[in-house]
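The block underneath contains the structure these notes are about, expressed in structure tokens.
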There are 4 protein chains.
Amino acid sequence: MAAPSRAAAVLAVALAFAAGLGLRAAAAQTPTASAGPVDPALIADLVVANRVLAQEGLFDAYGHVSVRHPANPNRYLLSRSLAPALVTAGDILEYDLDSNPVDPKGQRSVLERFIHGEIYKVRPDVKAVIHSHSPTVVPFSVTRVPLRPVMHNATFLWVGVPVWEIRNAGGPGTDMLVRSAPLGKSLAATLGDKPVALMRGHGNVVVGADLQMAVRYAYYTEVNARLQALAIALGGPITYISPEEGAARDKNPGDFARAWELWKKNALGK
Amino acid sequence: MAAPSRAAAVLAVALAFAAGLGLRAAAAQTPTASAGPVDPALIADLVVANRVLAQEGLFDAYGHVSVRHPANPNRYLLSRSLAPALVTAGDILEYDLDSNPVDPKGQRSVLERFIHGEIYKVRPDVKAVIHSHSPTVVPFSVTRVPLRPVMHNATFLWVGVPVWEIRNAGGPGTDMLVRSAPLGKSLAATLGDKPVALMRGHGNVVVGADLQMAVRYAYYTEVNARLQALAIALGGPITYISPEEGAARDKNPGDFARAWELWKKNALGK
Amino acid sequence: MAAPSRAAAVLAVALAFAAGLGLRAAAAQTPTASAGPVDPALIADLVVANRVLAQEGLFDAYGHVSVRHPANPNRYLLSRSLAPALVTAGDILEYDLDSNPVDPKGQRSVLERFIHGEIYKVRPDVKAVIHSHSPTVVPFSVTRVPLRPVMHNATFLWVGVPVWEIRNAGGPGTDMLVRSAPLGKSLAATLGDKPVALMRGHGNVVVGADLQMAVRYAYYTEVNARLQALAIALGGPITYISPEEGAARDKNPGDFARAWELWKKNALGK
Amino acid sequence: MAAPSRAAAVLAVALAFAAGLGLRAAAAQTPTASAGPVDPALIADLVVANRVLAQEGLFDAYGHVSVRHPANPNRYLLSRSLAPALVTAGDILEYDLDSNPVDPKGQRSVLERFIHGEIYKVRPDVKAVIHSHSPTVVPFSVTRVPLRPVMHNATFLWVGVPVWEIRNAGGPGTDMLVRSAPLGKSLAATLGDKPVALMRGHGNVVVGADLQMAVRYAYYTEVNARLQALAIALGGPITYISPEEGAARDKNPGDFARAWELWKKNALGK
């Protein structure tokens, strides 16, 4: 999981673009053009992701999750500004990587959508992005205690969890929100090649190679934060997941379909 | 948000009074007269506020939320004494600022209603008042650890959260309840021009420029208390929201309709 | 609330006995005789108490609540051995103060019923007894940190919360359960004239002048334990409810009907 | 509860095998043969155990519970890989003690099933095995703070709770999962003759003389971990359950039917 150089990233995006299924070349080169219709199953999964993250307490009325357009790596899909628990397929909008809506449909966009666009620009490996106020990660973001993996389902944190300080990008007087592309770009730079970055006094961003993996990472980041906080409260030295253990698990992340099946049923009430 | 002088407050109330929509002058000058019927949508929102605060755990069987009468700044609306989760439109009573019910309708009034009346008297900017036993703020009220903002949705706490000590107003032998206008007046003086004050060994008061803002402030005060407590437990120095950050957010508090829409649906079960 | 001497208690029981409404003298003097039928509303309230305490998390599958028979102070009413959440009116049995069932109806009695009988013997002021594993009081029972009131709805703890050590009564090798009258008697002696006593490594007993008051005391004892634990975690000196404040509240405990109405609706799902 | 020697264990297994009800000798000696149909009531209880442990928060989408085949001690019953909350009777598969499915029915087996098989091999007294990520035990597994009983319903922990370090069995670079029989064998050796062992950075294993007892042990291990953590947070010395008390309770573990009846109703929603 070495950090890709900017050039490599651009190349990878270009290659992915060229290989895009159902890609309509002419349209794709016009920034505001749609990358075309998306498999309803992917939209359904994006709706489920919104609801799962709300149900599991990572989202309250805020937080958002996006997925890269499967037909065009320069587009992503994100709900209009709406509480995640209420999102349905009709609320999903398409954005370019500058986070302009392809067709706003008269709806208000999420203010902090730049988080998504700027990460997709520099992380061709990422197909899904989550921004949440995951409750137990916020305390780690305002102290000097690094979030580190203590449990086997959060081994992916072994690469380190950077903390983004908005003051470094926006100066001492921001309103704490990622209101612009430059702020999003700075956050993406702090994330680097990692799966998770904390945002000081705010929450986190979590990315994945697909939507289910991003949801899994977000969920176990919260669980791990709770367990690590409790371990710290117990006192004494802590045995963290080692780099060797983390790397071994990364090679075979395991059976996430099992969790997705459960969460989907819970989230949809059926 | 400088503290208005008492004279300025009186002037502001008078001006607001004169400008009141639907104001019936003769009636308004009789203390026990009603300020007239209220838009059912506002009553509905007051019912929702009661239920949201119960559902989110800020109210148990106790706690109360009021709204200033839109037609007369010298009147406010508050449920009769009833568990907030059970409040319906028919339970809302109208009070003057000395907290006398305009028409008690044979119902028992909330004992601590003086909290509301006395704050409305000195805070013409305030249109809604909440008193709760918000669980995680009580520990802050009995220690010397000040409640301070650690997260972006609680930046409004940057102005400071005073703690009201009832012993200073009522002597060492009160039963801890705000049973009288003088106690309410003392609490309002401690609140000053702030959005939130803690009540030692009891809970807090939270005020807002409208009902939704007050609910938002109450909710994120509780959330922030949990996060701050956890950050303290982790140990080491904490990076709090700075005055510059707090002031920047105050200028543009953001999209609260998104939360209200969700909470309303949850609270009303539809 | 001075501790009654044993002689005074016996006298009080005798007087209460003589004054018992609907008392049938002949029957009452036969230990195994019933004190007669009970108002169904009281039985219904006892069922509600079982369910409320389960719903609020003070009872898991265990815990029990009893009420003194209104017609005979030498009898009490308690569910057969059954998870409190499942108790219905038909499960309530009548016991004498030695905790013998008047009519076992072929059912298994609660093993630790001696807690109830022995407290009723020495506390004529008590009409209801609760034994629970109230989760947050157990840690206080195994440390030297006294449970003390930090919030206004738990002021009744101002008189002190003794901790009963079963080793003092049963020796070092008990199985921790109050299996006999002597163990119950020892616990009642530790309780003395207080409303609450902790049982080391086990839970607590809570008593009240009526069923609703006992439920209120049990509920706010748990709430207070959580708040006190959190205040301790914050660090530094804590301002506890003072004796003057506790005594003032005892004189006018306030409006508990408001909580009972809510809990009853929640517990019965209507 | 002295640790049986390996020889004694083998002998005991052999004896139990010979005594097996309904044992069909020829079939039993063929490793892949079924031990025959099982009483549907036992399967139903295994389904309930899955759902109870999910509902009580010991299982999230993962975790598993097995029961030894009543007709053949060399077989056990375990759900296919599926979130425990979704398990039904049709999902239960039969395994030999090397954890080979007798008939996989085209389904995927639980990866870590070796935990079960290897424990059944060396613990003839054990009829049920649970592996969970019981949340509050994980912090104890990564610190040097031993999990010890503080409450009467967790007295069974008095014998000590060993912590299994996978690095000792699998080296520094495992992916933390019990993927093989040797890893399961090592875990079983750490468990020894105890009811509970923690797995560092992972969770625990809990065993019982029957399914209901294993569920009880797993539930109260989690409860005890929460109470012990809170007692530690309060500070100062802790009075743990003593060996005498633990041993006394072991002789008469008490009325678990009461909890099972409640949990079954809750788990099945009826």
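Candidates in region B:41-80 are the residues that are touching a residue at least 40 places away in the same chain (Cβ under 8 Å) and of a type in the set (Lys, Arg); of these, the one that is surrounded by the fewest Cβ atoms within 10 Å (Cβ to Cβ) is B:Arg51. Each residue in region C:236-256 was checked for being more than 7 Å from chain B (Cβ to nearest Cβ) and in contact (Cβ under 8 Å) with a residue 40 or more places away in the chain, and 7 pass. For region A:206-229, residues that are under 10 Å from the mean Cα position of the chain (by Cα), within 14 Å of another protein chain (Cβ to nearest Cβ) and farther than 14 Å from A:Val52 by Cβ total 0. Each residue in region C:144-160 was checked for being closer than 23 Å to D:Val150 by Cα and either at pLDDT below 95 or within 14 Å of chain D (Cβ to nearest Cβ) (or both), and 5 of them qualify.
Inside region C:82-124, can you point out the residues that are among the aliphatic types (A, V, I, L, M), over 20 Å from C:Ala54 (Cα atoms) and within 14 Å of another protein chain (Cβ to nearest Cβ)?
none
State whether the residues of region C:62-71 include one that is within 14 Å of chain D (Cβ to nearest Cβ) and in a strand (DSSP E or B). Yes, that holds for at least one residue. Exactly one residue among A:Val102, A:Val163 is modelled with pLDDT of 95 or more, open to solvent by 10 Å² or more (accessible area, probe 1.4 Å) and in contact with a helix residue (DSSP H, G or I) (Cβ under 7 Å, 6 or more places away or on another chain), and that residue is A:Val163. Within region B:125-143, the set of residues being open to solvent by 10 Å² or more (accessible area, probe 1.4 Å) and within 10 Å of chain C (Cβ to nearest Cβ) comprises B:His133, B:Pro135, B:Thr136, B:Thr143.
Would it be correct to say that C:Ala169 is within 14 Å of chain D (Cβ to nearest Cβ) and over 17 Å from the mean Cα position of the chain (by Cα)?
Details: within 14 Å of chain D (Cβ to nearest Cβ): yes; over 17 Å from the mean Cα position of the chain (by Cα): yes.
Yes: the conditions hold for C:Ala169.
Screening the candidates C:Lys121, C:Lys194 for the property of being at pLDDT 95 or above, surrounded by fewer than 20 Cβ atoms within 10 Å (Cβ to Cβ) and out of contact with any Phe, Trp or Tyr (no Cβ under 7 Å at 6 or more places or on another chain) yields one hit, C:Lys194. For region B:261-270, what are the residues that are open to solvent by less than 30 Å² (accessible area, probe 1.4 Å) and either facing chain A (nearest Cβ under 8 Å) or touching a Gly at 6+ places or on another chain (Cβ under 9 Å) (or both)? Residues satisfying the conditions are B:Leu262, B:Trp263. The set of residues from region D:230-256 being open to solvent by 60 Å² or more (accessible area, probe 1.4 Å) and under 24 Å from the mean Cα position of the chain (by Cα) comprises D:Pro243, D:Lys251, D:Asn252.
Name every residue in region A:166-190 that is free of Cβ contacts under 8 Å to residues at least 40 places away in the same chain and out of contact with any helix residue (DSSP H, G or I) (no Cβ under 6 Å at 6 or more places or on another chain), in order of residue number. Even if it seems obvious, please write down each step before you answer.
Residues of region A:166-190 that are free of Cβ contacts under 8 Å to residues at least 40 places away in the same chain, as a first pass: A:166-176, A:182, A:186, A:190.
Listed by number, the residues that qualify are A:Ile166, A:Arg167, A:Asn168, A:Gly171, A:Pro182, A:Thr190.
Quick one: would you say D:Val159 is of a type in the set (Val, Ile, Thr), within 30 Å of D:Thr88 (Cα to Cα) and touching a residue at least 40 places away in the same chain (Cβ under 8 Å)? The answer is no for D:Val159. State whether one or more residues within region A:175-183 are over 18 Å from the mean Cα position of the chain (by Cα), open to solvent by 20 Å² or more (accessible area, probe 1.4 Å) and either modelled with pLDDT under 95 or within 21 Å of B:Pro253 (Cα to Cα) (or both). No, that holds for no residue.
The values are calculated or read from the model by the stated rules, or taken from the named source; none is laboratory data. None of these values were measured; they are calculated from a predicted model. No Cβ is skipped: glycine too gets one built from the backbone with ideal geometry, and neighbour counts run over all protein chains shown. Ligands, DNA and RNA are stripped out before the accessible areas are found, and what is left, the full protein with its side chains, is counted by its heavy atoms. Shrake-Rupley method; radii C 1.70, N 1.55, O 1.52, S 1.80 Å.
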